[in-house]
Amino acid sequence: TKTISIERQLTPNLIGETEFATSNINTTYAYDFVVNNKIYNEIHLSTSKTALQWSPFSSFETVDNKFKIIKEGYPKFTLQYTKSFSDVFKSDFNFSKLDLRTIFKKEYANNAFSLLTITAGLASGETPLTHMYHAYPNNITKETIMQRFSVAGVTSFETMFFNEFFSDRISTFQFKHHLSPFKISKRFKPELVFISRFAIGNMSNINRHQQITFNTLEKGFTESGLEINKLFFGFGLSFTYRYGAYHLPKLEDNMALKFTFNVTL
């Protein structure tokens, strides 16, 4: 992929970014994308992307003719539009995507706070699987929990396996509640976080995507768990459990044990 982009702070509360990219894509798994009775194994794309981030409740001051944030305000909103052009630099397909993200934060006494992140996305046109929505999976296909032990993400679904779900329209809800740090000693202050995540989606024209099997989230995916952060040099542990419509027959496959890393600068 080759990209060129420009970012500008349009107002103290509004940041804009524009990007143009060309990509040559070969998937690492067996996959055929069928459009107009033609099979594509290699994908060429030329895309433009425009994004706006609006923080209407944040406070800023001007320092050396630059805006400097002095207080983070919530909610925050991000809107992004992506367009792929066929026949531009040998691009194969026309499709478009519209994405929205909203972040809410509620602060309490003693550094406790709650964080809610809501996303929504819609893809239309000749969209290959590489540009569909996958709800940020972070679980590898291994037999046991310890074989799947890895790093937990910030906004990923820890019990969702890679390539398990794809959708062309999706909504996700992620809630985290951070309790006040446990002040065991001056340097040892672990933090307990309760987590709940939900994703729902669906896909049109599934028959375009061949040689691969996947679900589409129309039943709703749920997982919940907790993190114990900053146990040792910023490292901690997370445990997540998958339940609901996509609960798996083998109990162990619904569990994810990961380590976390958090550092305060």
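The values are calculated or read from the model by the stated rules, or taken from the named source; none is laboratory data. Bear in mind the structure is a predicted one, so any value in this text is a computation, not a measurement. Reconstructed Cβ throughout: ideal geometry from the backbone, glycine too, with neighbour counts over all protein chains shown. Ligands, DNA and RNA are stripped out before the accessible areas are found, and what is left, the full protein with its side chains, is counted by its heavy atoms. Shrake-Rupley method; radii C 1.70, N 1.55, O 1.52, S 1.80 Å.
Below are the figures for this structure:
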item	result
Inter-centroid distance (Cα atoms) of region 205-265 relative to region 133-177, Å	4 Å
Accessible area expressed per residue, region 164-265, with surrounding protein chains retained (probe 1.4 Å, Å²)	56 Å²
Whole-Å distance, taken between Cα centres, linking region 1-42 and region 105-131	20 Å
Surface/4 of the Cα convex hull for region 7-50, nm²	4.8 nm²
For region 128-195, the Rg and Dmax computed from alpha carbons only, in angstrom	16.3, 53
Carbon/sulfur fraction of accessible area - region 210-265, other protein chains in place, 1.4 Å, %	66 percent
FRET efficiency, ALA30 to LYS142 (Cβ-Cβ, R0 25 Å, nearest 0.05)	0.80
Residue-by-residue Karplus 3J(HN,Hα) for region 158-169, coefficients 6.51, -1.76, 1.60, Hz, glycine and proline x	6, 9, 8, 7, 4, 6, 7, 10, 9, 8, 9, 8
Kirkwood hydrodynamic radius of region 17-107, from inverse mean 1/r over distinct Cα pairs, in Å	16.4 Å
log₁₀ of I(q)/I(0) at q = 0.07, 0.12, 0.14 Å⁻¹ - the chain, Debye sum with one point per alpha carbon	-0.31, -0.91, -1.17
Among HIS177, THR47, ILE206 - extreme Cα towards positive end, dipole of the chain, charges at beta-carbon	HIS177
Protein accessible area in region 49-136, 1.4 Å probe - carbon and sulfur %	56 percent
Förster-model FRET efficiency, 25 Å R0, SER48 and THR155, C-beta, rounded to 0.05	0.50
Per residue solvent-accessible surface (Å²) - region 66-144, probe of 1.4 Å	59 Å²
Heavy-atom accessible surface of region 166-209: percent carbon and sulfur, 1.4 Å	59 percent
Kirkwood Rh, Cα atoms: Rg over Rh of region 56-104	1.28
Length released on extending from ASP64 to SER180, taking residue separation times 0.36 nm less the Cα-Cα span	38.1 nm
